[in-house]
Amino acid sequence: MSILPANNADIKHAAQLLQQGRLVAFPTETVYGLGADASNPCAVNRIFQAKGRPADHPLIVHISNIDKLNDWAINIPEAAKILATHFWPGPLALILNKQPGVLLEVTGGQDTVGLRVPNHPIALALLKTFNGGIAAPSANRFCRISPTQSNHVKAELGNKVDFILEGGSCQVGVESTIIDLSGDNPTLLRPGHITRLEIETLLDTELSINSQQTEIRAPGMMALHYAPTTLAKIYPSELLPAIVGKLCYDRKKIGLLSYKQQLNINSQVSIINMPKEANTYAQNLYAALRELDSLQLDLILIEQPPESELWQAINDRLFKATSRE
Ligand code: TXA
Ligand code: MG
């Protein structure tokens, strides 16, 4: 059965629910978001309850267009205007100094706010109809894999979300690039589809790398984020045949997220062959991890993808998915 994308009536219903302080999951080009009215503290608190997320972890506020920047941020540097003009709507979140009225519930008690205009027709229609900012983290339980399909949201949150807008599979598949522009130096807090090089070229300046401090400010930086419940480990291609052989010999049930290695293996191994191109790999990554995670395996092996710039966001998420001992 095909699932129909949300229509105008669904969007109107979703906007009404947001006005009533309820939670609505919606598709963006990166991952599905769990949205609430960013100006309603009770609604925002519901997000934290639904996700099981600590209250001091800030949320991104989604806005409908660049003209809304001034409603949420002050002292907006030129670099923010350049990036927003160039990349919005798109998979880029900017951290800026907040307007005094922005709720501390949204910013995790900080004086900065994360803002983004998502590039998805349903998200944009919802923002326009709702006519306000929508605070939305990824629609998964805390530290788990982000949802890239509506059925992932259902599996993660069940009836903790009041309504899910159907929007098919997310095009980008990994969360937005986050740039902190609230301090003296533009800083990359989270790599994403828009690469560090693209941003550095546009701004004609080098980005700082996240410091210790950002570990608290951006939970996406924490180890064991975006993680399957099954133990997962990354190995270089050349080590895989021997490791798979040993695990099979030990009668372990294993999954393999394969990138290029063609292994001749038996039914003990569940293999997902991933695309060789970075953007399509990213698009499929979370659904693939989720599928392997559902098979009750002893271990998920991940073949190390290339380390070049285009693979930075993927390597970052794989590192976080595997950083458990
Ligand atoms: O692609 C995305 O950004 C998706 C979609 C739904 O838009 N959202 C998303 O939200 O990934 P979330 O909450 O899972 O991750 C948002 C990240 C977190 O790491 C958070 O700490 C960081 O943004 N963030 C938000 N506001 C911040 C702030 N004021 N200072 C530093 N980091 C902030
Ligand atoms: Mg998240």
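The values are calculated or read from the model by the stated rules, or taken from the named source; none is laboratory data. Small disclaimer: the values here were computed from a predicted structure and weren't measured. All Cβ positions, even for glycine, are placed from backbone atoms using ideal geometry, and neighbour counts span all protein chains on display. For the accessible areas, the whole protein counts, side chains as well, though only heavy atoms, and no ligand, DNA or RNA atoms are used. Shrake-Rupley method; radii C 1.70, N 1.55, O 1.52, S 1.80 Å.
Out of G109, G132, G114, G167, report the one residue that is within 15 Å of ligand 2 (Cβ to nearest atom) and touching a residue at least 12 places away in the same chain (Cβ under 8 Å).
G114
Considering only residues of the stretch 166-203 that are polar (S, T, N, Q) and in contact with a helix residue (DSSP H, G or I) (Cβ under 9 Å, 6 or more places away or on another chain), which is farthest from P27 (Cα to Cα)?
T187
How many of the residues in the stretch 271-303 are open to solvent by less than 60 Å² (accessible area, probe 1.4 Å) and among the polar types (S, T, N, Q)? Step through it out loud before you land on a result.
Looking only at the stretch 271-303, we keep the residues that are open to solvent by less than 60 Å² (accessible area, probe 1.4 Å), and these are 272, 274-275, 278, 280-282, 285-290, 292-293, 297, 299-303.
Cutting the leftovers down to among the polar types (S, T, N, Q) gives us 280.
Going through the stretch 271-303 one residue at a time, the tally reaches 1.
Go through (1) modelled with pLDDT of 90 or more; (2) more than 21 Å from Q312 (Cβ to Cβ); (3) in contact with a Ser or Thr (Cβ under 9 Å, 6 or more places away or on another chain) and name the single condition S270 misses.
(3)
In this structure, does L59 turn out to be among the hydrophobic types (A, V, I, L, M, F, W, C), away from ligand 1 (no atom under 11 Å from the Cβ) and modelled with pLDDT of 95 or more?
It is false that L59 is among the hydrophobic types (A, V, I, L, M, F, W, C), away from ligand 1 (no atom under 11 Å from the Cβ) and modelled with pLDDT of 95 or more.
Among the numbered criteria (1) more than 15 Å from ligand 2 (Cβ to nearest atom); (2) out of contact with any strand residue (DSSP E or B) (no Cβ under 8 Å at 6 or more places or on another chain), which one does V102 miss?
(2)
If you check V102 against the conditions, is it of a type in the set (V, I, T) and either open to solvent by 30 Å² or more (accessible area, probe 1.4 Å) or outside any strand (DSSP E or B) (or both)?
So V102 fits the description; yes.
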